[in-house]
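Asks: So that we are looking at the same thing, I have put the structure below in structure tokens.
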Amino acid sequence: MAEKIAVAMSGGVDSTVCAAMLKKNHEVHGFFMNLGLPDQKEQIAKVRRVADLLAITLEVVDLADIFAKEIIDYFCQSYAAGITPNPCVLCNPRIKCGKLLDAVRARGIDKMATGHYVRVTHNGMHLLKGLDNRKDQSYFLCGLSREQLKHLVFPLGGLTKDEVYRIARGLGLDHRPETESQDVCFLKNQGPGDFLKRKTDCAKGDIVTKNGEKVGCHEGVFHYTIGQRRGLGICDSTPYYVTGLCAAKKQVIVGKEADLWHNELLVRAVNWIAGSAPRLPVRLEVKIRYRHQAAWAELAGEGDLLRVVFEQAQRAITPGQFAVFYDNDEVIGGGEIVSKA
């Protein structure tokens, strides 16, 4: 009898191909997370069509309340505090690979597959980058534990996106790049500022230099993030960039290109995938955002925080984003950036 395996289904090409690949050797059961988002009725109908096409069962798991509390509230509160969050990094360990995996295992199924472009080795003890550098999603899974990884399968980790599309075409599936879901599922083709205008107080304030000189006005600090140039409306011989946000004073702080570069940062709430920190100090590669080119740094403890000192200055270190640590292709852990040090 074929081994049972669950697949986290979204209706997109990645989870669909993931389910089709596993169906060759497993009894596949699809699971869909109902997150209470406005368009999810249409999405559920789409996922049901995919499940019918693949001839697999589908169960809808209601996670709307916990998603609102753990992810959307965190997103809104972070922007209101003047920091730039990454909800996907929290959603994976808490919701998709947390509550959804719990529901799967409660049904007597020990393994769950997702469409992430990552790899695991040694019975889930080590998390590695996906082979397709353009699609590698290991950054977003830095919050996982080995206990979670033991129950997770990533069939796409050794494939490129082009190979996944070829498999989809071979199955007669009509998936095109423009129909794929975006990373922040609840934004739905709108920027964070547009979403937050309906959720938070749009407190206007001043745009100031690091010396406190007022150079403009803004419609809410949540419209801005570190490194931003567009939308400032400041005329000068050289561009201004956002270099800091102070929600308490309702200020957007701006400076020049040179003000964006720093060698150090502090990280809180570090998750070490192995369950404990390596011997510190340690030299690892560090990514400070998803699309950032990993850079070498020394990591050392500093009370409840971790100090990261880069060998070369990095641009636009952003509080609220995550610093993720790599040893070659392996994800060692990660944590939330507190500040430039």
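Asks: Assess whether Y79 counts as being in contact with a helix residue (DSSP H, G or I) (Cβ under 7 Å, 6 or more places away or on another chain) and surrounded by fewer than 20 Cβ atoms within 10 Å (Cβ to Cβ). Show your work before the answer.
Replies: Working: in contact with a helix residue (DSSP H, G or I) (Cβ under 7 Å, 6 or more places away or on another chain): yes; surrounded by fewer than 20 Cβ atoms within 10 Å (Cβ to Cβ): no.
Answer is no for this residue.
Asks: Tell me, which residue of the range 146-174 that is outside any helix (DSSP H, G or I), surrounded by fewer than 20 Cβ atoms within 10 Å (Cβ to Cβ) and touching a helix residue (DSSP H, G or I) at 6+ places or on another chain (Cβ under 7 Å) is modelled with the highest pLDDT?
Replies: That would be H151.
Asks: Go through the range 302-313 and give me each residue that's at pLDDT 95 or above and surrounded by fewer than 22 Cβ atoms within 10 Å (Cβ to Cβ). Before you say what the answer is, go through the steps one by one.
Replies: Here is the first cut: in the range 302-313, the residues at pLDDT 95 or above are 305-313.
Selection gives L305, R307, V309, F310, E311, Q312, A313.
Asks: Does C76 fit the bill of being within 22 Å of W272 (Cβ to Cβ) and in contact (Cβ under 8 Å) with a residue 24 or more places away in the chain?
Replies: Working: within 22 Å of W272 (Cβ to Cβ): no; in contact (Cβ under 8 Å) with a residue 24 or more places away in the chain: yes.
Criteria not met by C76.
Asks: Taking the stated definitions as given, is R307 in a strand (DSSP E or B) and not small (G, A, S)?
Replies: Details: in a strand (DSSP E or B): yes; not small (G, A, S): yes.
Yes.
Asks: Now for a separate question. Show me the strands (runs of 3 or more DSSP E) entirely contained within the range 248-303 in which 2 or more residues are of a type outside the set (K, R) and in contact with a Lys or Arg (Cβ under 8 Å, 6 or more places away or on another chain).
Replies: Details: elements: 251-255, 261-272, 282-287, 295-302.
It comes to 251-255, 261-272, 295-302.
Asks: Could you run through the range 246-258 and say how many residues are more than 11 Å from K210 (Cα to Cα) and either touching a strand residue (DSSP E or B) at 6+ places or on another chain (Cβ under 6 Å) or buried (at least 19 other Cβ atoms within 10 Å of the Cβ) (or both)?
Replies: Of all residues in the range 246-258, those more than 11 Å from K210 (Cα to Cα) come to 246-250, 257-258.
Keeping just the survivors that are either touching a strand residue (DSSP E or B) at 6+ places or on another chain (Cβ under 6 Å) or buried (at least 19 other Cβ atoms within 10 Å of the Cβ) (or both) gives 250.
Qualifying residue count for the region: 1.
Asks: Can you tell which of K111, K96 is at pLDDT 95 or above, in contact with an Asp or Glu (Cβ under 9 Å, 6 or more places away or on another chain), under 21 Å from G157 (Cα atoms) and not acidic (D, E)?
Replies: One residue alone meets the criteria, K111.
Asks: With respect to the numbered conditions (1) over 25 Å from V338 (Cβ atoms); (2) assigned to a loop (DSSP other than H, G, I, E, B); (3) not basic (K, R), which one is the sole condition not fulfilled by D102?
Replies: (2)
Asks: A follow-up question, please. Quick one: in the range 61-71, of everything that is among the β-branched types (V, I, T) and over 22 Å from V338 (Cβ atoms), which residue is farthest from the chain's Cα centre (by Cα)? Break it down into steps so the answer makes sense when it comes.
Replies: Let us first name the residues in the range 61-71 that are among the β-branched types (V, I, T), namely 61, 66, 71.
This time we only want the ones that are over 22 Å from V338 (Cβ atoms), so: 61, 66.
On the way: V61: 21, I66: 18 Å.
By that ranking, first place goes to V61.
The values are calculated or read from the model by the stated rules, or taken from the named source; none is laboratory data. Since this is a predicted model, take the numbers as computed values, not measurements. Counting neighbours? That spans all protein chains shown, and the Cβs are built from the backbone with ideal geometry, glycine included.
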